[in-house]
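A short write-up of the structure that comes next.
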Amino acid sequence: MKTSWRMMAILAVGLLPLAACGTSEEMGAPASAPASETASLPVDEPAGEVEAMPANEMVGQGQAIAETLCAGCHAIGLTGESQHAQAMPFREISWHYPVEALAEPFAEGIMVAHPEMPQWQFEPEQIDALLAYIETVQVPEER
């Protein structure tokens with residue numbers, strides 16, 4: 001996925017509020033872990049032929065990831081306040097940039113300047129699931 005310098009700048013600034021999608025202890029890595037030590041969630045290996053996951057199952061898996069890793073700081077649903085003041089509610093992500101623009105940072109390991117945000121990476125299946133869930137909770141921008 002090619003990303004322009006403008007999109008990278010938007011993501012860099014926009015991801016700053018996505019602070020702490022889980023604690024360092026939950027992720028098994030210190031918050032300031034070098035890129036080579038980022039945590040990665042385990043993925044079950046497919047048995048035999050790979051089949052596309054049904055959409056509702058993918059959304060459910062994404063919700064489980066969000067509940068486990070992100071809900072400690074972010075409001076991950078359609079309502080509620082984020083527990084961490086700088087953590088953007090998931091339902092407002094599309095107000096700042098396209099949700100699908102998170103695919104690359106999720107794959108490469110989100111790194112933000114906020115000291116409480118753990119560094120982590122997702123496998124492609126987890127990225128698809130988390131993005132599918134995030135898409136389901138987007139609300140129209142308040143004016």
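The values are calculated or read from the model by the stated rules, or taken from the named source; none is laboratory data. Only a predicted model underlies this, so the values are computations on that prediction, with no experimental measurement involved. Quick reminder, even Gly has a Cβ in these numbers, built from the backbone with ideal geometry, and neighbours come from all protein chains shown.
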Does Ala71 satisfy being of a type in the set (A, V, I, L, M, F, W, C) and modelled with pLDDT under 75? no
Taking Gly80, is it of a type outside the set (A, V, I, L, M, F, W, C) and surrounded by 15 or more Cβ atoms within 10 Å (Cβ to Cβ)? no
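Out of the residues in region 85-143 meeting the condition of being aromatic (Phe, Trp, Tyr) and in a loop (DSSP other than H, G, I, E, B), tell me which one is surrounded by the fewest Cβ atoms within 10 Å (Cβ to Cβ). Can you show your working first?
Of the residues in region 85-143, the ones aromatic (Phe, Trp, Tyr) are 90, 95, 97, 106, 120, 122, 133.
Applying the additional criterion that residues be in a loop (DSSP other than H, G, I, E, B) yields 97, 122.
On the way: Tyr97: 15, Phe122: 25.
For region 85-143, the residue satisfying everything is Tyr97.
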